[in-house]
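Peer 1: Would you mind keeping the following structure in view while I ask a few things?
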Amino acid sequence: AQRVTQPEKLLSVFKGAPVELKCNYSYSGSPELFWYVQYSRQRLQLLLRHISRESIKGFTADLNKGETSFHLKKPFAQEEDSAMYYCALSPETSGSRLTFGEGTQLTVNP
Amino acid sequence: DSGVTQTPKHLITATGQRVTLRCSPRSGDLSVYWYQQSLDQGLQFLIQYYNGEERAKGNILERFSAQQFPDLHSELNLSSLELGDSALYFCASSRVWSHNSPLHFGNGTRLTVT
């Protein structure tokens, strides 16, 4: 079975500092990886996905198959980035069903 | 706005009762997913439908059931409610049956069992 691990429950940085939210996964096949963001326990919004290799709101994420990681990075954090971030995995056999990590609450201090 | 509509937004009910949560997927999306988000358990996958058929079950209790109707909307029924069922229940939809197709989430139904 697949598993997603986000080792940091809480992460606090200052505005303008770089931020990295870690995500590791265990799955033997070729999954698709996603990052979702949730503001104040509202709906989850897709932030980015591995296959599109795009940058959203200044965030990027690189899939490292060797280390089975999909860390989310932003060079200069903004206060409006404060939110809960979830890493998620979709196995190739599951349709679009996602397995989520436990989430990292990011706080960007002024 | 994701285009996924969930009703009601809030629900307060007593233990032992039964409730129905409703979800309308984005126009054109055939797959519907239900997730439970509680403070101590994070996001747990409950059940998945594709074009009216159940495709996968996750950590869904026997007291819970769901279905997807011909018009593709879905309902999640929770019965014999317990205090521990208090949570946010999210519905999500996707266009096709593909692991590359992202999920689009609704705003959730906040269930409080007293």
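Bear in mind these aren't lab numbers, they're just calculated from the coordinates by the rules spelled out. Note that the structure is a prediction, hence the values are computed from the model and not measured. Backbone-built Cβ (ideal geometry, glycine too); neighbour counts: all protein chains shown.
Peer 1: Using a 7 Å offset from the Cα along the Cα-to-Cβ direction at both B:N51 and A:E92, what is the distance between the two label points in nm, to one decimal?
Peer 2: 2.2 nm
Peer 1: How would you order B:67-76, B:82-91, B:53-62 from highest to lowest mean count of nearby Cβ atoms within 10 Å?
Peer 2: B:82-91, B:67-76, B:53-62
Peer 1: Considering the Cα trace of chain B, what is its radius of gyration and what is Dmax, both in angstroms?
Peer 2: Just the Cα atoms of chain B yield Rg and Dmax of 13.2, 40 Å.
Peer 1: Something else about it: For the stretch A:42-110 and the stretch B:29-48, compute the distance between their C-alpha centroids and round to whole Å.
Peer 2: The stretch A:42-110 and the stretch B:29-48 have Cα centres spaced 18 Å from each other.
Peer 1: At a Förster radius of 22 Å, what calculated FRET efficiency corresponds to the Cβ-Cβ distance of B:L83 and A:R41, to the nearest 0.05?
Peer 2: Efficiency, from the Cβ-Cβ distance: 0.70.
Peer 1: Antiparallel versus total DSSP beta bridges in the protein assembly as shown: what percent is that, nearest 5?
Peer 2: Around 90 percent of the beta bridges assigned by DSSP in the protein assembly as shown are antiparallel ones.
Peer 1: Scan the stretch A:62-110 for GluC sites (Glu not before Pro) in coil per DSSP, keeping those whose Cβ has at most 14 other Cβ atoms within 10 Å, and list them by number.
Peer 2: A:E67, A:E92
Peer 1: A further question follows. So if we plug the beta-carbon distance of A:K15 and B:L39 into 1/(1 + (r/R0)^6) with R0 = 22 Å, what FRET efficiency do we get, rounded to 0.05?
Peer 2: Working from the Cβ atoms, E equals 0.20.
Peer 1: Could I ask something else about it? Rg/Rh for the stretch A:15-61 to two decimals, with Rh computed the Kirkwood way over all alpha-carbon pairs.
Peer 2: 0.99
Peer 1: Could you give the length gained by full extension between B:E75 and B:T112, i.e. 0.36 nm per residue of separation minus their alpha carbon distance, to one decimal place?
Peer 2: Extra length from B:E75 to B:T112 when fully extended: 11.5 nm.
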